[in-house]
C-alpha cells in the first residue's frame, strides 16, 4: 500500500495524472477492480492517478485520516499554509519524526523504502565504476 514517487527529468513539472476530480463512474470501476484482486498500484496505473488517490477513494479509514491531517495542518499553520513553505516543511519534518517514533508500521515501511533505495543507489554506483 506504500507508493514511491517517481521523479521526472530536470525542468519537467510533476505529472498530476487526470486533472480534476475522480468521477463516480471511476470510483465504481476502481471498486470492481479492487474486488477482482487488483492492488492499489495496479488500479492507479489503470486510471493514471496516484496510489494515494485510489486509497483515498476506496478506503474509508484513509479518507478519515487524510481529512484529519488536513484539519490539523490548517489548525496548526493557519489557512494560508501555502504562503509559508518553510513552516510547512518544518511541520512535515516534525510530523514524520513523531510518526516514525510512535508508529511501528510506518517505521517499517520507511526502513524498507530506504533499504530499497540504498540498494539501487549502490548498484548504480557499482555499474558506473565497472563501466
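Coordinate-derived values only; no laboratory data. Remember, it's a predicted structure, so these values are computed and weren't measured experimentally. Glycine also receives a Cβ, built like all others from the backbone with ideal geometry; neighbour counts cover every protein chain displayed.
The convex hull drawn around the Cα atoms of segment 19-74, when projected onto a plane and averaged over every direction, covers 4.1 nm².
Rank the residues 120, 31 as a footprinting-exposure proxy: fewest other Cβ atoms within 10 Å of their Cβ go first. If you can, show how the numbers build up before the last one.
On the way: 120 10, 31 13.
Least to most surrounded, the residues fall as 120, 31.
Residue order for 114, 54, 49, fewest other beta carbons within 10 angstrom first, comes to 114, 49, 54.
Report the FRET efficiency, 1/(1 + (r/R0)^6), for residue 64 and residue 32, where r is their Cβ-Cβ distance and R0 is 22 Å, rounded to 0.05.
Values: r = 23 Å, r/R0 = 1.05.
Efficiency at R0 = 22 Å is approximately 0.45.
As a calculated quantity, the FRET efficiency between residue 124 and residue 88 at R0 = 30 Å, using C-beta atoms, amounts to about 0.45.
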